[in-house]
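Engineer: Next up is a structure, given as structure tokens.
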Amino acid sequence: MFSALKTAFQGPAQARAQHRQLLRGYQGIGGGLAELERLAPAPVDDAAAPIFLLSAGWRSGSTLLQRLVMSDKRVLIWGEPYDECGPIQALAQTLRAFRPGWPPQDYFHDGTPPHQLTGSWVANLFPAPDALRAAHRRFLDTLFDAPATHAGARRWGLKEVRLDIAHARYLKWIYPNARFVLLYRNPLEAYSSYCRYGRSWYDIFPDRPVFTPTAFGAHWGRLMRGYLEGAEALGAMLLKYEDLIGPTPPLAQLDTYLGIQTDHDVMAKKVGSSVRDGGKVRVNRLERHLLRKAVGPVASRLGYDW
């Protein structure tokens, strides 16, 4: 009786055991991409080279960097497009089920004409993985590349404060010759600046608000850990905000890496104001403690300690 109840509420023992086994090797988006990189590798001769400026959270200088890159008049960089919708995150999430053995090879359509398939098993008939990659590429090209080209740009890109290293790897699968700049800032300074804006923003609306120092720090830490671990494999440029605004910013290195020519005078031009609603906000001791706990040893590793 107990076994029957357990099966009714939890499923068969064999299925549960298989599920636990699968989860032990599960790597989320990264694991799915590893399988897809084998099944549908990106062509090495792809001419597209979009620029992705990814920041470890808010108030880390990403808009300044965006303006700098766009000072090359051939480049249009979208600014956190449809940010709270998470379109890139959602697209990447659709790939996380891929793993060795799934889908089985015989699920993929091999080009056989439809009339010859009527006597075959077609309950699971998938377009080939190359078609899946092409569909993802077409969505991103239509949303980002086409309007940038229409506006007169020769290259496009985007800056984001929400994308982690798995999302960057997804973009690399779609655009193998893309360039990635991974920007970061002292999390305490970034959070102090964020507080001036009311602490009311979202990672993804409505279920992932970032209203607290813990949420802000967890977001910063998750992105930063991935950036540090994955930058080399991605061929990315890690850029520290404090260096960007320092006396000798690595602007020539940035230009060379991106293959553009920026106007370095942009760095001295202030656009808008970083202060809202009456000026600076003091981060109290409790908030500092919670933030420090959330960012953990990653911040100390980067020399950010307080």
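Rule-based calculations on the coordinates, nothing more; no lab input. Being a predicted model, the structure only gives us computed values, none of them experimental. Note that we place each Cβ from the backbone using ideal geometry, even for glycine, and neighbour counts take in every protein chain shown.
Engineer: Ranking Lys270, Lys240, Lys73 by Cβ neighbours within 10 Å, fewest first, what do you get?
Structural biologist: Lys270, Lys73, Lys240
Engineer: Rank the residues Thr118, Thr112 as a footprinting-exposure proxy: fewest other Cβ atoms within 10 Å of their Cβ go first.
Structural biologist: Final ranking by Cβ density, sparse to dense: Thr118, Thr112.
Engineer: With charges only on Cβ, +1 for K and R and -1 for D and E, what is the dipole size of region 190-306 about its Cα centre, in debye, rounded to 20?
Structural biologist: Roughly 720 debye for region 190-306.
Engineer: Within region 127-141, which residues have the backbone N less than 16 Å from the label spot 7 Å out from Leu22 along Cα→beta-carbon, could you tell me?
Structural biologist: Answer for this model: none.
Engineer: With runs of 4+ DSSP H residues as the only contributors, calculate the mean residue ellipticity of the chain at 222 nm using -39,500 (n - 2.57) per run, divided by the residue total and rounded to the nearest 500.
Structural biologist: Only helices count here, giving -13000 deg cm²/dmol.
Engineer: Additional query: Could you give the size of the charge dipole of region 208-259 about its Cα centre, using +1 on the Cβ of each K and R and -1 on the Cβ of each D and E, expressed in debye and rounded to the nearest 20?
Structural biologist: Using Cβ point charges on Lys, Arg, Asp and Glu, region 208-259 gives about 300 debye.
Engineer: Pull out a ≥ b ≥ c, the square roots of the eigenvalues of the alpha-carbon gyration tensor of region 17-132, then state rounded if a/c is under 1.5, prolate if not and a/b is larger than b/c, and oblate in the remaining case.
Structural biologist: It is prolate, given that a/c is not under 1.5 and a/b is the larger ratio.
Engineer: With just the Cα atoms defining each centre, how far is region 115-191 from region 211-248? Give it in Å.
Structural biologist: Value for the Cα centre distance between the two parts: 21 Å.
Engineer: Here's another thing I want to ask about it. If a/c stays under 1.5 just call it rounded; otherwise compare a/b with b/c (prolate if a/b is bigger, oblate if not). Do that for region 224-266, with a ≥ b ≥ c from the square roots of the Cα gyration tensor eigenvalues.
Structural biologist: It comes out oblate by the Cα gyration axes.
Engineer: Using the Cα gyration tensor of the chain, with a ≥ b ≥ c the square roots of its eigenvalues, what is the shape: rounded (a/c below 1.5), prolate (a/b larger than b/c) or oblate (neither)?
Structural biologist: Oblate, because a/c is 1.5 or more while a/b does not exceed b/c.
Engineer: Same structure again: In the Gaussian network model of the chain, springs joining C-alpha atoms below 10 Å, which of Pro100, Pro114, Pro127 carries the largest mean-square fluctuation?
Structural biologist: Pro114
Engineer: Taking 0.36 nm per intervening residue step and subtracting the Cα-Cα distance, what contour gain separates Asp83 from Leu251 on full extension?
Structural biologist: Gain on extension, Asp83 to Leu251, equals 57.7 nm.
Engineer: Among Thr142, Thr262, Thr214, determine the one that fluctuates most according to a GNM of the chain built with springs between C-alpha atoms less than 10 Å apart.
Structural biologist: Thr142
Engineer: Assigning unit charges at the beta carbon (Lys, Arg +1; Asp, Glu -1) and nothing else, what dipole magnitude in debye, to the nearest 20, does region 165-258 show about its Cα centre?
Structural biologist: The calculation lands at about 200 debye.
Engineer: Describe numerically, in nm with one decimal, the distance between label points set 7 Å from Cα along Cα→Cβ at Tyr107 and at Asn177.
Structural biologist: With each label point 7 Å from Cα toward Cβ, the separation is 3.3 nm.
Engineer: Can you sort Ser192, Ser62, Ser3, Ser55 from fewest to most other Cβ atoms within 10 Å of each residue's own Cβ?
Structural biologist: The fewest-first ordering by Cβ neighbours comes to Ser3, Ser192, Ser62, Ser55.
Engineer: List residues of region 211-244, by number, whose backbone nitrogen lies under 19 Å from a label position 7 Å along Cα→C-beta of Val266.
Structural biologist: Counting only backbone N, you get 237-244.
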